[in-house]
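Everything below concerns the one structure shown next.
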Amino acid sequence: MSVIKPVRGTHDLIGEEAKRHDHVIEISKRIFSLYGFQEWMTPVFEYTNVFSRSLGETSDIVSKEMYSFQDRGGDSLTLRPEGTAGICRALVTNGLTQSLPQKIFYSGPMFRYERPQKGRYRQFHQIGAELMGVSTPFADAEVIAMGYHILKELGLDEGAVLELNTLGDKNSRSIWREALVNYFKSVQAQLSKDSLVRLEKNPLRILDSKDVNDRMLLAQAPLLHEYLTKDALEFWDKLRKALDQFKIPFKENPYIVRGLDYYSHTVFEFVTEKLGAQGTLLAGGRYEGLVGDMGGGDVPSIGWAAGVERLALLLENPPIKTNPVVIIPFSEDHHSVAFPLLQAIRYNGMGAEIAYKGNLRKQLERAHKSKALLALLIGDNEVNQNNVQVKDLISGTQREVSLTEIVSYLKNKLAN
């Protein structure tokens, strides 16, 4: 019988990889809480129009990458390819558009049909944040600072560069769009097949093209910065000044447009060379009309997302979490003492495990490998005398402690 393999583009999170993944989530949640963000958990699938309406029909995600299907009731559903659209839908569904601002973070699996590569899977995990209902550029700076803070806590800030751009306001983009269309029409014969389609439906998507020849043509395309209105330019200036005040270094990159249709004003990416060509660690931007697309009116928002697998891949020495105490009963006859003691230790907030098999030497070897700090040895003498032999696995010293005092002894010992 052949071995059943995981679906292409999926993988199992086990052992060291699972620990890295958990470390990224744990650090992120701690930093989110420092900034006052609350966790929302939305379904992993939504009605398809939640994504097709918000991400744009011409975006690569909608046109090429979504996992969509009809359920038994005939509804078109889609596994979520990103987190923002579901958060916006939840804001409207739960009647929270009148309770703004909302500071939200999320984590969980996303799904996109794309070519699997290093750190990129068809089922992958993201962390993300949305600050909804605030229109000031200072909010953008703080949300970007929060992303930088997470990278710093993970030890990934060194070598990570914040690349920053503005897409301006609607008036800016309207004038710029006209200039872009005129330019692209002048070089239409040289555009890729995908970009020819985008030229008719959404010319801004051409700026996100990965085609080599398209990228060469873009070097001569008109830049949005030349068409910024007074208001858009003021927003852009205030954002950059605020980032300086937050002490977040950045590099201006006029070619960042992001891959989704709903962005305006601020767009940004933290990039690194440590992942090769696909070097984005964390990215996002400001959006104005997405909540309105869900039927909730325009709510100015700023957010970002990061791939957990990518961040975990770069961790050099993630902390190894182990339970500090291992109980080693010499035989099943000693379980009557070992099991109640095991639970008493856990109920008092200390991690503990029990050794189930092997002789004493092998059990102590396993305890050392697990990075436990203390081993509690229980044999006939200990059962008869109501005490435990406590072996310090770091110093090698050993002492006898009565069962009535063992929990308080462990608390003091581990505290030090």
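The values are calculated or read from the model by the stated rules, or taken from the named source; none is laboratory data. For clarity, every value in this text was computed on a predicted model and none was experimentally measured. Every residue, glycine among them, receives a Cβ derived from its backbone with ideal geometry; neighbour counts consider all protein chains shown.
General observations
Conditions (1) of a type outside the set (S, T, Y); (2) buried (at least 20 other Cβ atoms within 10 Å of the Cβ); (3) farther than 30 Å from L315 by Cα, marked per residue:
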site	(1), (2), (3)
L34	yes, no, no
F37	yes, yes, no
P43	yes, no, no
Q70	yes, no, yes
L77	yes, no, yes
I87	yes, yes, no
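- Any chance S331 is out of contact with any Asp or Glu (no Cβ under 9 Å at 6 or more places or on another chain), over 30 Å from G279 (Cα atoms) and not basic (K, R): no
- Any chance A355 is touching a strand residue (DSSP E or B) at 6+ places or on another chain (Cβ under 7 Å) and either crowded, with 17+ Cβ neighbours inside 10 Å or at pLDDT 95 or above (or both): yes
- Residues in the range 222-245 that are of a type in the set (A, V, I, L, M, F, W, C), buried (at least 16 other Cβ atoms within 10 Å of the Cβ) and out of contact with any strand residue (DSSP E or B) (no Cβ under 9 Å at 6 or more places or on another chain): A242 only.
- Filter result for A139 (surrounded by fewer than 22 Cβ atoms within 10 Å (Cβ to Cβ) and among the small types (G, A, S)): no
- Options V291, V299: the member that is in a loop (DSSP other than H, G, I, E, B), in the same structural domain as I127 (by TED's automatic domain parsing) and buried (at least 23 other Cβ atoms within 10 Å of the Cβ): V299
- Residue within the range 117-127 that is in the same structural domain as P249 (by TED's automatic domain parsing), among the polar types (S, T, N, Q) and out of contact with any Ser or Thr (no Cβ under 9 Å at 6 or more places or on another chain) present: yes
- Applying a threshold of 6 Å to beta carbon distances and a minimum spacing of six or more residues, or different chains, the list of pairs starting in the range 236-264 at a residue that is over 17 Å from L224 (Cβ atoms) and assigned to a helix (DSSP H, G or I) and ending at one that is at pLDDT 95 or above and among the aromatic types (F, W, Y) reads A242/F138; L243/F250.
- Enumeration of residues in the range 307-319 that are touching a Phe, Trp or Tyr at 6+ places or on another chain (Cβ under 8 Å) and either exposed (fewer than 15 other Cβ atoms within 10 Å of the Cβ) or not in a helix (DSSP H, G or I) (or both): G307
- Spans of helices (runs of 4 or more DSSP H) in the range 130-230 with at least 1 residues within 21 Å of S301 (Cβ to Cβ): 137-153, 170-186
- Filter pass, F32 being touching a Lys or Arg at 6+ places or on another chain (Cβ under 8 Å) and of a type outside the set (V, I, T): no
- Residue count for the range 122-181, restricted to those that are more than 17 Å from W236 (Cα to Cα), in contact (Cβ under 8 Å) with a residue 60 or more places away in the chain and not β-branched (V, I, T): 22
- Single unsatisfied condition, T322 versus (1) assigned to a helix (DSSP H, G or I); (2) among the hydroxyl-bearing types (S, T, Y); (3) in contact with a Ser or Thr (Cβ under 9 Å, 6 or more places away or on another chain): (1)
Here is a yes/no grid of residues against (1) touching a helix residue (DSSP H, G or I) at 6+ places or on another chain (Cβ under 7 Å); (2) at pLDDT 95 or above; (3) of a type outside the set (F, W, Y); (4) within 30 Å of R115 (Cβ to Cβ):
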| site | (1), (2), (3), (4) |
| --- | --- |
| R258 | no, no, yes, yes |
| G276 | no, no, yes, yes |
| T280 | no, no, yes, yes |
| L290 | yes, no, yes, yes |
| W304 | yes, yes, no, yes |
| L364 | no, no, yes, no |
